[in-house]
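Q: Questions regarding the structure given below will be posed in turn.
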Amino acid sequence: MLVKNMPFEATKKDIRELFGAHGVLKSVRVPKQVHGRTRGFAFVEFVSRREAENCLLYTSDAADDTPCVD
């Protein structure tokens, strides 16, 4: 999944905590700029499609300050 609108201060650990509540994560990638600051998005991969779909259901009903998942 592509996670957009992430705070630039968010770490891989933060992403794992936020999305790990919806299922078992296979991988999390947080691209960084040359200077080491995150770029404001991440890639999250769940072990199963069902867990990813559960996450999508949660994020579609979430508040405006929650990161957007595509």
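The values are calculated or read from the model by the stated rules, or taken from the named source; none is laboratory data. Since the structure is predicted, the reported quantities are computational estimates derived from the model, not experimental observations. Neighbour counts are summed over all protein chains in view; Cβ atoms, including those assigned to glycine, are modelled from backbone coordinates with ideal geometry.
Q: So, in the range 35-70, of the ones that are modelled with pLDDT under 90, more than 11 Å from residue 1 (Cβ to Cβ) and of a type in the set (A, V, I, L, M, F, W, C), which residue ends up surrounded by the fewest Cβ atoms within 10 Å (Cβ to Cβ)?
A: Here the answer is 63.
Q: Suppose the filter is among the acidic types (Asp, Glu) and in contact with a strand residue (DSSP E or B) (Cβ under 9 Å, 6 or more places away or on another chain); does residue 51 pass it?
A: When the stated conditions are applied, residue 51 passes them.
Q: Oh, and also: How many of the residues in the range 17-34 are exposed (fewer than 14 other Cβ atoms within 10 Å of the Cβ) and touching a Leu at 6+ places or on another chain (Cβ under 7 Å)?
A: Qualifying residue count for the region: 0.
Q: Restricting to the range 1-54, and then to whatever is without any contact (Cβ under 8 Å) to a residue 24 or more places away in the chain and in a strand (DSSP E or B), can you tell me which residue is farthest from the chain's Cα centre (by Cα)?
A: 32
Q: Might you check whether a residue that is modelled with pLDDT of 90 or more and small (Gly, Ala, Ser) occurs anywhere in the range 6-18?
A: Within the range 6-18 (the criterion being modelled with pLDDT of 90 or more and small (Gly, Ala, Ser)), the answer is no, since none of the residues qualifies.
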